[in-house]
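The block underneath contains the structure these notes are about, expressed in structure tokens.
Derivation of every value follows stated rules applied to the coordinates shown; laboratory data play no part. As the structure is a computational prediction, the values presented were derived from the model and not from experiment. Using ideal geometry, Cβ is built from the backbone for each residue, glycine included, and neighbour counts are taken over all protein chains shown.
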Amino acid sequence: MTPFESSRQMFPRGFTIIGTGRLGSSLALRLHNKGYLIRSLYNRSLASCERIAGSTGTEIFGTYPATPAELGDVVFLCLPDDQIAGFAEKTGLLKDGPAWVHTSGAAPAEVLLPLSPGGTGIASMHPVQTFTARNRETAFNQCFVTLQGDPELCGNLKKVVEAIGARPIIVDRHQKTAIHLAAVFVCNYMAPLFHASQELLTDNGIEVRSRDLFGPMVRQTVEGLLSHPPAEVLTGPIVRGDAGTIDQHLDILENSPKWDPLYRQLGKVTLRLARTLEERDSSSDSELYRRFLPKNQDVPDE
Ligand SMILES: NC(=O)c1ccc[n+]([C@@H]2O[C@H](COP(=O)([O-])OP(=O)(O)OC[C@H]3O[C@@H](n4cnc5c(N)ncnc54)[C@H](OP(=O)(O)O)[C@@H]3O)[C@@H](O)[C@H]2O)c1
């Protein structure tokens with residue numbers, strides 16, 4: 001039996017989605033396109049909900065479920081993170097009701113405990129992907145989806161995730177937060193690095209946008225990082241052991257001091273990574289390391 005066939009049997013009344021914003025509407029369309037029943041849809045403002053209901057052939061829709069009978073076997077709460085707990089508290093305990101699943105990456109399944117104090121039938125299902133109105137058709141393709149919460153429910157949702165073309169990964173509460181943290185490094189922290197790069201150009205009278213100037217190089221780097229281990233993609237003065245270039249950078253940072261600590265901190269981390277490469281000349285590494293210490297700090301004793 002395929003994951004779709006067995007999960008269709010597990011959830012004969014289909015799914016309810018509450019919150020038809022970016023993720024909720026993508027999820028509804030994807031589930032519908034893969035053959036699942038979307039029993040009902042709800043959203044604070046009716047317009048988007050009505051539109052998605054039209055595309056998924058869903059007859060029950062509105063701003064809030066009128067009765068529990070309107071709900072499918074699983075209710076996906078695709079609400080802003082800070083509204084999930086309040087919604088669960090407002091809705092309260094539903095005996096013998098549907099399973100409840102939220103889609104936040106930050107919150108654990110346990111924020112849904114007001115709906116099921118024992119933790120049965122609650123889970124979080126977080127697609128590790130960015131959803132916009134433009135990628136609705138493709139966003140679930142091969143993307144990882146973490147599942148955390150009631151083990152039996154997670155096992156059943158795993159089949160649904162597989163059937164919609166994504167990759168399920170069952171995690172505990174701690175691992176879920178760790179995944180969120182790890183994502184911050186590769187996704188969120190790219191933005192301040194672009195910001196630093198732009199300010200350094202501007203501080204030095206270069207009237208070109210960083211994203212234009214470095215776009216081709218960044219694309220190449222990201223391509224490399226998506227297909228090779230990070231150390232193998234390293235280029236630049238640190239991996240070459242070029243202490244003179246680092247000195248020039250530090251001189252320029254005298255005029256942009258706010259970026260100096262970050263440059264040194266990332267320099268140390270990059271050096272550590274470069275040192276994992278076997279066939280690299282490491283003779284100037286202690287010289288490099290000395291340059292990355294905070295200003296006016298001596299090299300600590302070995
Ligand atoms: N978008 C992503 O890339 C992404 C990826 C992974 C996980 N997630 C998670 O998915 C969840 C939703 O994110 P999103 O980006 O889809 O947010 P969003 O685009 O802002 O959509 C949230 C939807 O919830 C509706 N809503 C808000 N309060 C409501 C309430 N009390 N009752 C009914 N509907 C209500 C909003 O209605 P209105 O139209 O009236 O504002 C809106 O349509 C979040 O937990 C987020 O962390 C999002």
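Determine whether region 187-210 contains at least one residue that is of a type outside the set (Ser, Thr, Tyr), over 30 Å from Met1 (Cα atoms), within 13 Å of the chain's Cα centre (by Cα) and assigned to a helix (DSSP H, G or I).
First, the residues of region 187-210 that are of a type outside the set (Ser, Thr, Tyr): 187-188, 190-196, 198-201, 203-209.
This time we only want the ones that are over 30 Å from Met1 (Cα atoms), so: 187-188, 190-196, 198-201, 203-209.
If we keep only those that are within 13 Å of the chain's Cα centre (by Cα) as well, we get 187-188.
So of that shortlist, the ones also assigned to a helix (DSSP H, G or I) come out as 187-188.
The answer is yes; a qualifying residue exists.
Where in region 1-57 are there helices (runs of 4 or more DSSP H), lying wholly inside it, with at least 2 residues that are in contact with a helix residue (DSSP H, G or I) (Cβ under 9 Å, 6 or more places away or on another chain) and within 16 Å of the ligand (Cβ to nearest atom)? Please lay out each step first, then the result.
On the way: elements: 3-10, 22-33, 46-56.
Here the list reads 22-33, 46-56.
Can you tell me which residues in region 145-158 are farther than 21 Å from Gly86 by Cα and more than 11 Å from the ligand (Cβ to nearest atom)? Step through it out loud before you land on a result.
First, the residues of region 145-158 that are farther than 21 Å from Gly86 by Cα: 145-147, 151-158.
Passing the criteria: Leu147, Pro151, Glu152, Leu153, Cys154, Gly155, Asn156, Leu157, Lys158.
Can you confirm whether Pro65 is closer than 29 Å to Gly155 by Cβ and within 12 Å of the ligand (Cβ to nearest atom)? Talk me through it step by step, then tell me what you get.
Numbers: closer than 29 Å to Gly155 by Cβ: yes; within 12 Å of the ligand (Cβ to nearest atom): yes.
It is true that Pro65 is closer than 29 Å to Gly155 by Cβ and within 12 Å of the ligand (Cβ to nearest atom).
Would you check which residues across region 90-111 are free of Cβ contacts under 8 Å to residues at least 40 places away in the same chain, surrounded by fewer than 18 Cβ atoms within 10 Å (Cβ to Cβ) and either under 17 Å from Gly24 (Cβ atoms) or within 12 Å of the ligand (Cβ to nearest atom) (or both) and list them? Quick ask: steps written out before the conclusion?
Start the filter on region 90-111 by keeping residues that are free of Cβ contacts under 8 Å to residues at least 40 places away in the same chain, which leaves 90-97, 100, 102, 104, 107, 111.
Adding the requirement that they be surrounded by fewer than 18 Cβ atoms within 10 Å (Cβ to Cβ) leaves 90, 92-97.
Once the filter is applied, which keeps residues that are free of Cβ contacts under 8 Å to residues at least 40 places away in the same chain, surrounded by fewer than 18 Cβ atoms within 10 Å (Cβ to Cβ) and either under 17 Å from Gly24 (Cβ atoms) or within 12 Å of the ligand (Cβ to nearest atom) (or both), region 90-111 yields only Lys90.
Look at region 42-58 and say how many of its residues are under 15 Å from His32 (Cα atoms) and in contact with a Cys (Cβ under 8 Å, 6 or more places away or on another chain).
The qualifying residues number 0.
Could you look through region 112-135, keep only residues that are of a type in the set (Ser, Thr, Tyr) and more than 10 Å from the ligand (Cβ to nearest atom), and pick out the one that is surrounded by the most Cβ atoms within 10 Å (Cβ to Cβ)? Break it down into steps so the answer makes sense when it comes.
Let us first name the residues in region 112-135 that are of a type in the set (Ser, Thr, Tyr), namely 116, 120, 124, 130, 132.
Retained after the next criterion (residues that are more than 10 Å from the ligand (Cβ to nearest atom)): 116, 120.
Values: Ser116: 20, Thr120: 11.
The qualifying residue surrounded by the most Cβ atoms within 10 Å (Cβ to Cβ) is Ser116.
Look at Thr63 and say whether it is surrounded by 18 or more Cβ atoms within 10 Å (Cβ to Cβ) and either touching a residue at least 60 places away in the same chain (Cβ under 8 Å) or of a type in the set (Ser, Thr, Tyr) (or both).
Working: surrounded by 18 or more Cβ atoms within 10 Å (Cβ to Cβ): no; either touching a residue at least 60 places away in the same chain (Cβ under 8 Å) or of a type in the set (Ser, Thr, Tyr) (or both): yes.
No: the conditions fail for Thr63.
In region 1-20, how many residues are touching a Leu at 6+ places or on another chain (Cβ under 9 Å) and surrounded by fewer than 18 Cβ atoms within 10 Å (Cβ to Cβ)?
Applying the first criterion (touching a Leu at 6+ places or on another chain (Cβ under 9 Å)) to region 1-20 yields 7-8, 11-20.
Imposing the further condition that a residue be surrounded by fewer than 18 Cβ atoms within 10 Å (Cβ to Cβ) reduces the set to 12-13.
Going through region 1-20 one residue at a time, the tally reaches 2.
For region 136-158, name all the residues that are surrounded by 21 or more Cβ atoms within 10 Å (Cβ to Cβ) and of a type in the set (D, E, K, R).
Asp150
Report, by residue number, each residue of region 67-102 that is touching a Pro at 6+ places or on another chain (Cβ under 7 Å) and β-branched (Val, Ile, Thr).
Scanning region 67-102 gives Val74, Val75.
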